[in-house]
Structure formats: structure tokens, C-alpha cells
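Here's the structure, in C-alpha cells; my notes come after.
The values are calculated or read from the model by the stated rules, or taken from the named source; none is laboratory data. No experiment lies behind these values; they were computed from the predicted model shown. Cβ sites come from the backbone with ideal geometry, for glycine too, and all protein chains shown count toward neighbours. Heads up: the accessible areas ignore ligands, DNA and RNA and are worked out on the full protein's heavy atoms, side chains in. Shrake-Rupley method; radii C 1.70, N 1.55, O 1.52, S 1.80 Å.
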Amino acid sequence: MSPVPLDVSFCVVVTSGRDLLAACLDAIARELAAAPDLRAEVLVLDNASEDGSRGVAQEHPVVDEVVALERRRGKAENDSDLLDRARGRHALLLNEDSELRPGAVRALIAALDADPSAATAGARLLRPDGTPQPSAWRFPGLLTGIAGALLLHRRVTVQSTGDDVRRVDWAQSACLLVRTDAARAVGFLDPRFFVYSDEVDFARRLADAGWHALYVPTAVCVHHEQLSTGAVPERRIVEMARNRDLYLRVHHGRATALVLRVLTAWPYLLRALAAVALPGHEPRRHLAHVRAALRPGRGEGLREAAEAFNRARDAAR
């Protein structure tokens, strides 16, 4: 007799974020305590952290398995690893900087169970101060590029609006419930996307296979945005631009990707010019986005930072 499948596998990836990880795991524990009938497991992948994150995961009572890496990898590869290990019919992808609010998991599961054609369900993300963070969007393409150039991005592209469950193109993977059978059928996430655009490509391939995504506003998660820290996070900007360009080349072709480089750079250039004219504003960050959008193959991103980390670790052994 085959075992009864689990309802959900919590899949958490941590990269040197021990305090955030502790808060993430505590929130999972509260969710499970409030839903004792929920059959679940908690998997944590430690992405070669050096701040004690692995120990936090190993010692937390809610965690069932810790995957400890000695070399740092990209987000798509790590999420795929956990999805492949997951024994639940659903898997909840979480970053270590994601903190579930009460009832979020139940709401996400209910949304997927009510829509057999939905492969993913994304939560409503909040910043730590409680303000909403956009968390679902239209697929990138000429329409979204033109909307961005006309400064209509929020009106045309952002889909995380309203108070009811709605169908969207893609939702952010900081808190994303995935139907594991659907994920397995399309081969999980593409490791070419080191960080950023990985979930967009994943949603696009699921859509091409006949699935769709949901936005579930009653499922709330605080997203602390650990990767956004730093005054001018050049590596993050480079990584975002190169993976956006990769997505466009893969799904729309090189010509469209070239046009989108210019359309994407334009609003950042406008913001940089405005920052020069306005007292107290700094154009540097906006100009970094302009350079990265126009020449996404230039510069060092988060992938190079991980490679340098791995080289240093290898040399120290």
C-alpha cells in the first residue's frame, strides 16, 4: 500500500541569512500548529552560508531535512533541487527573507485545489513596514516594454491588485505554492537563470504546457527583500538585466530582446535626469540600470560573486 502523499512541502533556501531564516521557520511552525491536520514536511537548503544558518535550520524543531551545500549555487538550481525532493502534492517555495502571515498556506492550497488548471499560486507580499509590494505581473514582452517606456508600468504590467483570487501571468517565487506534478512535467526551473527571471521563465513554460498562475491576496507574506540591501547594488542590477535579457531572447527572439533593451533603459534615464535636477536625489542607481539594460552582457553580477566565493572557499581548503 503506497503512503498517503503529503499536502505540502515547505521548501526554504537560505544564503547567509540566519536571523531571517529563524523568523521564516518560526512562521512555518505557527502555520502548522494552527493546522494540525495538514500533512507537511519542511525542507531547508543552506546555500553554503557562513553565518550559522545551517545550524539554525538543523536545530529548529519544525525542520525535517537540511540540504547543506559546500559550494554556492543559483536560486533556480536550488529551488529545483528542493522541488525534486518534495514529497508533497504541493510545494511552497520560500526565501529565507519571507515570513508567512497566519492562514497564508491554507489560502494558497485552497486556491490551487479549487482550480485544477493552475500550477502555481502566489501570495500578496508586504514590505516590513506593511506596505504592499508588487508580486504578480504580465509576462515581459513588447507590450510591457512600451508600457514601461510610457511610465505606465504599474497600470499595465502589475497584476497583484484586487481582493479576490485572480489569474495572472506569473507571481514572485518569494512565496509561491507550486503543484509538484506540473513542475516535474516541465523540468523544474532553468538553471541558466542564476537569480531573477527564473520564476518568469518557469511560469512561461508552464503556460506553454497548458497551465496558468494565480494571485491569492488572502495569503499574505512579509518579504524582507534581503537581496535589495545596499545603496547601489550594482551586482543585483547586472544580474536582473542579464536574466531579463535571457528570458526575452529565449521566448521572444534576439530582435525583440534588443528593442526591449532600449525601452527598458528609457524610464531609468528619465529618472536619472530628474534626480540630477531635484535636490537630495542621487542619479547613480538609475544610471546603473540604464547601463545594465543597454549592455546586459557587461559587468559582474551575483553569479560572479558566487563563483568568487566558491574559489575562495576552495583555496582555503
Inset, instruction - State all residues of region 41-59 that are more than 16 Å from residue 92 (Cβ to Cβ) and either assigned to a strand (DSSP E or B) or aromatic (Phe, Trp, Tyr) (or both); if no residue qualifies, say none. - result: 46
Legend entry - Filter pass, residue 69 being buried (at least 23 other Cβ atoms within 10 Å of the Cβ), within 26 Å of residue 16 (Cβ to Cβ) and at pLDDT 95 or above: no
Inset, instruction - Among the residues of region 273-283, write down those that are assigned to a helix (DSSP H, G or I) and at pLDDT below 90. - result: 275, 276, 277
Legend entry - Test result for residue 83, in a helix (DSSP H, G or I), open to solvent by 30 Å² or more (accessible area, probe 1.4 Å) and in contact with a strand residue (DSSP E or B) (Cβ under 7 Å, 6 or more places away or on another chain): no
Legend entry - Output for region 267-296, where each listed residue is in contact (Cβ under 8 Å) with a residue 24 or more places away in the chain, among the hydrophobic types (A, V, I, L, M, F, W, C) and either buried (at least 19 other Cβ atoms within 10 Å of the Cβ) or more than 23 Å from residue 243 (Cβ to Cβ) (or both): 270, 288, 290, 292, 293
Legend entry - Number of positions in region 200-227 that are in contact with a strand residue (DSSP E or B) (Cβ under 6 Å, 6 or more places away or on another chain) and within 17 Å of residue 249 (Cα to Cα): 2
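Report, by residue number, each residue of region 66-88 that is polar (S, T, N, Q) and over 20 Å from residue 56 (Cβ atoms).
Residue satisfying the conditions is 80 alone.
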Legend entry - Where a residue in region 99-121 is assigned to a strand (DSSP E or B) and its partner, wherever it lies, is of a type in the set (Asp, Glu), with Cβ under 7 Å and at least six apart: 100/31
Inset, instruction - Output the residue which, of all residues in region 16-39 that are touching a residue at least 60 places away in the same chain (Cβ under 8 Å) and closer than 21 Å to residue 84 by Cα, is most open to solvent (accessible area, probe 1.4 Å). - result: 38
Inset, instruction - Read through the list (1) open to solvent by 20 Å² or more (accessible area, probe 1.4 Å); (2) in contact (Cβ under 8 Å) with a residue 12 or more places away in the chain; (3) hydrophobic (A, V, I, L, M, F, W, C); (4) part of a helix (DSSP H, G or I), then give the number of the only condition that residue 62 fails. - result: (4)
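Just for region 178-206: of the residues that are of a type in the set (D, E, K, R) and under 11 Å from the mean Cα position of the chain (by Cα), which one is farthest from residue 239 (Cα to Cα)?
Step by step, filter region 178-206, then rank; the result is 199.
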Legend entry - Residues (among the small types (Gly, Ala, Ser) and open to solvent by 20 Å² or more (accessible area, probe 1.4 Å)) located in region 114-148: 114, 117, 130
